[in-house]
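Peer 1: Mind having a look at this structure? Questions to follow.
Read-outs: derived from the displayed coordinates by stated rules, not from any lab. None of the values given here were measured: they were computed from a predicted structure. Neighbour counts are summed over all protein chains in view; Cβ atoms, including those assigned to glycine, are modelled from backbone coordinates with ideal geometry.
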Amino acid sequence: MTDYTDNDYALALGKEVAIADVDKELHLLWEEDKASTNASLVNLAVYSERNGAIIKNSEYVQIITREHACRALLIGVDRDNPEASIRAWITAHCHLSHGRKSVCCEQVAFQLTGRSTGRLRNTVFSHLSSDLPLVFWWQGELSSLFSERLYSLIDRFIFDSSEWSNPMEAYACVSEAMQSEQSLLPMDIEWTRSSQIRMAIAGLFDDPMAVNALEHVSDLKVVVHPEHRMAGLQLLAWVIQRTGWKRSSELSLDSDHGDVYYYETAEGSSLVAQVVTDPLSAPVGKMEFIAPGLELRVTRDTGSPYIRQELHAGEHRFERCTPSNSDDSAELVMNQLSRGGNNSLYCAMMPEFLGLLCDSQCY
Amino acid sequence: MKNPFRKDLESRSRPEACTVVIFGATGDLTHRKLIPALYNLQVEGALPAGVKIIGFARRDKSDQEFRLGLKEVNQKVSRSGHDDSIWEDYAENIHYHQSEFQDASGYARLSERLDEIDRERGGSGHRLFYIASAPEYFDDILANIKEAGINHNKKGFWSRVIVEKPFGTNLPTAKHLNKVVSKTFRERDTYRIDHYLGKETAQNIMVLRFANAIFEPLWNNRCIEQIQITCSENLGMEGGRGGYYDSSGAMRDMVQNHLLQLLSLVAMEPPTDLSADGVRDEKVKVLRSLRQWDTPELVAENVVRAQYVAGHVDGENVVGYRDEDRVDPESMTESYVALRVLVDTWRWSGVPFYVRMGKQLPKKATEISIHFKEPPTVLFNALSGGVPGGNVLVMRIQPDEGISLRMVSKIPGSSLRMEPVKMDFHYATSFGKGSPEAYERLLLDSMAGDATLFARRDEVEEAWKFIDHIHHAWHQSKETPVMSEYVAGTWGPKEADDLLGENGHKWRRL
């Protein structure tokens, strides 16, 4: 574990201030610089229990505020530390808007130690910008701090299911929170990782030949990096939910072929669907549909900024590059914030996905 | 069978893959707007897979030469920059088709080429014809499209046409063009493009009005004193535009289409739904309700026209309008127009809409300002200075898109003094990501069959009807209203200030 010095915190997080003086010091920050515009459309809280995460998260906020003006609250929590304490730093992230005026977003960083449930709500959240929605980005495993007292304040809850060691348990917590707070909107970064793949697949199935072959698909294959198996299962769940294909027998797990599922299309054709993990793959490396006389494929090489769409049906061949999702968490969060909406596609896919996840974990 | 993967993927109508045929493919519009717009859609992954582009023009070129010319311009103007890997894939689907616009055999060859592309697709495909040529070729192009039989498509596949402005030069020519178009394409397949409607802030007018509860109750003659729509340009006739402009003028070039479209969005009643016809039904009602300035006297009372004389703009000396390149030295074409428009509806009775457009004004700006009535000031009558002006809601269309609201506030201190203050929302500040170009949105909409942001036949004709009365008074009446002058770099002629002064109003200072 890296030990961060006060200097590291100050360099990344700005000026350390007394908790009681946060608002006063923020005002002073603006008085010092009359040339800048303070902007915020949302409150963005970034929560992590990892050592030193708020330093990295300040860099993330610097990236996110390029496109999404927000009041940022960075929250670092060390729950294992027996001593209860809280420290705060303030700074502003500024960007030139269209090469002209400087647009700045305030950031308040809190480092809490010890038991912190009450202080998180009472101290940290008293610094939200009023009337603006709260987007809460929870990093890592869900802990006992994710409770009704916390999620009742949240409008959009961002998490990354690829970081969870027990996804079933964690999804159950999120589901419970959604049932309790109807307005809570879940946003899974793992789902966003595949958004351009989904766009590319949907684009290929605009082709009349492809869509007509859909009911005759015999093989469906998704290749993902081992750390992003959730993304693979989500993609499969999305396809199943959209096509209405029915499971025809139980899952079989094969170390060489990953998770294998058997389905029947509405026209009664049988198909095999595989979610394969490959350590050399991009987070989501490939999605492929094979039908008699037709191959449809979307691929992304590791680290590539592009995905490749391919459709081969006899003489009819189509290939092109389209942009891929970034692998960077901040960019993925930006992508989520840009999309807005009620994430209906994700919510619609979830029951199928949880079924696949349960099968693969229970097998 | 429908593509099941599109559902809920995007919150917009789904664009469908098609072959886009651009007539006038060697022109500026194609190079600077259409091809970069389609390229940017490809960059964002929004362009449907399988879109093919055929450039139709007179000059002799190979596909490669055509692509190279497009690439050179795209590198300079593309909003998202230029990426060679994406361009190479994109450019593979761009082809050139050489033909005179009047040559029927060229369209027969085009038909064969479209069939060939359909065969490569494994069946049939949709077709989108974009007429971006000079207006004098519209008739020939449409007639030849019909003659070649490519205006109709096979069952289940559409053929649509996008027609660029100017959509006629007066009511008879607009009616003629509508007739020619309607002989070739059905109205529902006809998309008359007005790129102002594709701008983010123009689309936001409806959102501002109907998604916020606080504005609509005030949006009427009880609370609104006057409305101003301004389009100012700090350019003259650069780049050889004088020839076209001198035959058109500010009224026909900007007011008939863009500014009356903005006016109708501001003045319309809430539509029953957001369908294309739902919105356009309400817009056309506004245009039908415009009080007609149908005598030279009424035109003289309500419309000011002017030409600029030599002056300074942005620190540079500029010549007068009549001394511009390709402009008739005795021209009677207006480079500036200001008009008082009255919308005779229950909601707007008695509220003047002031519309102005001018060249060689101090800066480039298009905006709509809603000037609210002043409140009863009985409480503050005794104060020196009184209450400084009413509330003004400003929708900035370009540049620096955004919305501001002026209100009155107390100046801090022991005495009661008031000053106007401004609440300001800037798109660029709040949403760092740049807005898409208007053409991107409009091209996608036409591929998706969503005509909401395109002008309908009756809208175009109603707008011309209003404009034609004014033009008739200017050019064909015995006592033509005067042509005023303004110094380049100023905000227009004194007569335009007087037009508002009669009602105790002033132009908003931009």
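Peer 1: Given bins 10 angstrom wide, list per bin the percent of all Cα-Cα distances in the stretch B:113-167, short to long.
Peer 2: Taking all Cα pairs of the stretch B:113-167, the binned fractions are 22, 48, 25, 5 percent.
Peer 1: Sticking with this structure for a sec: State the extension gain, in nm to one decimal, for the chain segment bounded by B:Lys422 and B:Asp325, taking 0.36 nm per residue of separation less the distance between their alpha-carbons.
Peer 2: On the way: separation 97, 0.36 × 97 = 34.92 nm, distance 4.21 nm.
Gain in length upon complete extension: 30.7 nm.
Peer 1: Can you give me the P(r) profile for the stretch A:195-324? Cα pairs, bins 5 angstrom wide beginning at 0, each as a whole percent.
Peer 2: Per 5 Å bin, starting at 0, the Cα pair percentages come out as 2, 11, 21, 24, 21, 14, 6, 1.
Peer 1: How far, in degrees from 0 to 90, does helix B:63-77 lean away from the longest principal axis of the Cα atoms of chain B, to the nearest 10?
Peer 2: 20
Peer 1: Here's a follow-up. If I fit a long axis through the Cα atoms of helix B:200-210 and take the longest principal axis of the Cα atoms of chain B, what angle between them do I get, 0 to 90°, rounded to 10?
Peer 2: Helix B:200-210 sits at roughly 60 degrees to that axis.
Peer 1: Using the Kirkwood radius over Cα pairs, work out the Stokes-Einstein diffusion coefficient for the stretch B:1-84 at 25 °C and 0.890 mPa s, in µm²/s as a whole number.
Peer 2: Details: Rh = 14.2 Å.
The Stokes-Einstein estimate is 173 µm²/s.
Peer 1: Which whole number in µm²/s is D for the stretch A:6-189 by Stokes-Einstein, with the Kirkwood Rh taken over Cα pairs at 37 °C and 0.692 mPa s?
Peer 2: On the way: Rh = 17.0 Å.
D, rounded to a whole number, is 194 µm²/s.
Peer 1: What is the ratio of the Cα radius of gyration of chain A to 2.2 N^0.38 Å, with N the residue count, to two decimals? All intermediate terms of the calculation are to be shown ahead of the outcome.
Peer 2: Numbers: Rg = 22.9 Å, N = 363, 2.2 N^0.38 = 20.7 Å.
Relative to the rule-of-thumb radius for its length, chain A sits at 1.11.
Peer 1: Related question: Note down the nm distance, to one decimal, between modelled labels 7 Å out along Cα→Cβ at A:Ser326 and at B:Glu374.
Peer 2: About 5.2 nm, to one decimal.
Peer 1: To the nearest 20 debye, what is the magnitude of the charge dipole of chain B about its Cα centre, counting +1 on the Cβ of each Lys and Arg and -1 on the Cβ of each Asp and Glu?
Peer 2: Working: 66 positive and 74 negative charges, 268 e Å.
Once rounded to the nearest 20, the dipole reads 1280 debye.
Peer 1: Where the Cα atoms of chain B are projected onto their three principal axes, how long is each span, largest first, in whole Å?
Peer 2: The Cα atoms of chain B stretch 82, 55, 44 Å along the principal axes, largest first.
Peer 1: Assuming 0.36 nm per residue, please report the length gained on full extension of the stretch A:Leu280 to A:Ser344 beyond their Cα-Cα distance.
Peer 2: Gain on extension, A:Leu280 to A:Ser344, equals 19.8 nm.
Peer 1: To the nearest 20 Debye, how big is the dipole of the protein assembly as shown about its Cα centre, given +1 on the beta carbon of each Lys and Arg and -1 on that of each Asp and Glu?
Peer 2: 2080
Peer 1: Which residue, chosen from A:Ser360, B:Tyr336, B:Pro166, occupies the Cα position most advanced towards the positive end of the dipole of the protein assembly as shown, where the dipole is computed from +1 (Lys, Arg) and -1 (Asp, Glu) charges on Cβ about the Cα centre?
Peer 2: Positive-end residue among those listed: B:Tyr336.
Peer 1: How high is the relative contact order of chain A, in percent, counting Cα pairs under 8 Å that sit 6 or more residues apart?
Peer 2: Reported as a whole number, the value is 13 percent.
Peer 1: Using all Cα-Cα distances in the protein assembly as shown, what percent lands in each 10 angstrom bin from 0 up to the longest?
Peer 2: Each 10 Å bin holds this share of Cα pairs: 2, 11, 18, 21, 20, 15, 9, 3, 0, 0.
Peer 1: So how far apart, in nm, are the two label points at A:Leu132 and A:Arg115 if each is 7 Å from Cα heading toward Cβ?
Peer 2: 3.3
Peer 1: Other chains' Cβ within 10 Å of B:44-55 residues: what's the mean?
Peer 2: Whole-number average of other-chain Cβ neighbours for B:44-55 is 5.
Peer 1: Relative contact order for the stretch A:195-324: what percent, with Cα pairs under 8 Å and sequence separation of 6 or more?
Peer 2: For the stretch A:195-324, the relative contact order is 28 percent.
Peer 1: Separate question: Using a 10 Å cut-off on Cβ to Cβ distances, tally the other chain neighbours for every residue of A:196-205 and report the average as a whole number.
Peer 2: Mean number of neighbouring Cβ atoms from other chains: 5.
Peer 1: Further question: If I take R0 = 56 Å and measure r between the Cβ atoms of B:Lys364 and A:Asn166 in this structure, what FRET efficiency does the formula 1/(1 + (r/R0)^6) give, to the nearest 0.05? Walk me through the numbers before you get to the answer.
Peer 2: Values: r = 59 Å, r/R0 = 1.05.
My answer for the efficiency is 0.45.
Peer 1: Going highest first, how would you order A:3-16, A:197-210, B:178-191 by mean Cβ packing within 10 Å?
Peer 2: A:197-210, B:178-191, A:3-16
Peer 1: Follow-up. Can you compute the FRET efficiency between B:Ala211 and B:Arg188 using 1/(1 + (r/R0)^6), with r the Cβ-Cβ distance and R0 = 25 Å? Round to the nearest 0.05.
Peer 2: 0.35
Peer 1: When Lys and Arg each count +1 and Asp and Glu each count -1, what net charge do the other residues less than 11 Å away from A:Gly14, Cβ to Cβ, add up to?
Peer 2: Taking every other residue near A:Gly14 into account, the sum is -2.
Peer 1: Let me ask something additional. Can you give the charge dipole size of chain A about its Cα centre, rounded to the nearest 20 debye, using +1 on the beta carbon of Lys and Arg and -1 on the beta carbon of Asp and Glu? Please list the in-between numbers first.
Peer 2: Working: 30 positive and 51 negative charges, 170 e Å.
The dipole of chain A has a size of about 820 debye.
Peer 1: Any idea which of A:Tyr262, A:Phe289, A:Thr322 is furthest toward the positive side of the dipole for the stretch A:195-324, if Lys and Arg beta-carbons carry +1 and Asp and Glu beta-carbons -1?
Peer 2: Looking along the dipole axis, the top candidate is A:Thr322.
Peer 1: Whose amide H sits under 5 Å from the amide H of B:Arg192, counting only residues 5 or more places off or on another chain, with H placed in the peptide plane?
Peer 2: Result for B:Arg192 returns B:Val163, B:Ala455.
Peer 1: How large is log10 I(q)/I(0) at q = 0.10, 0.20 Å⁻¹ when the Debye formula is applied to the Cα atoms of the stretch B:4-164, each weighted equally and without solvent?
Peer 2: -0.36, -1.40
Peer 1: On to the next question. Which links in B:Lys33/B:Lys359; B:Lys71/B:Lys364; A:Lys246/A:Lys286; B:Lys2/B:Lys154; B:Lys373/B:Lys422; B:Lys33/B:Lys175 stretch past 20 Å when you go from one Cα to the other?
Peer 2: In this structure, B:Lys33/B:Lys359; B:Lys71/B:Lys364; A:Lys246/A:Lys286; B:Lys33/B:Lys175 lie more than 20 Å apart at Cα.
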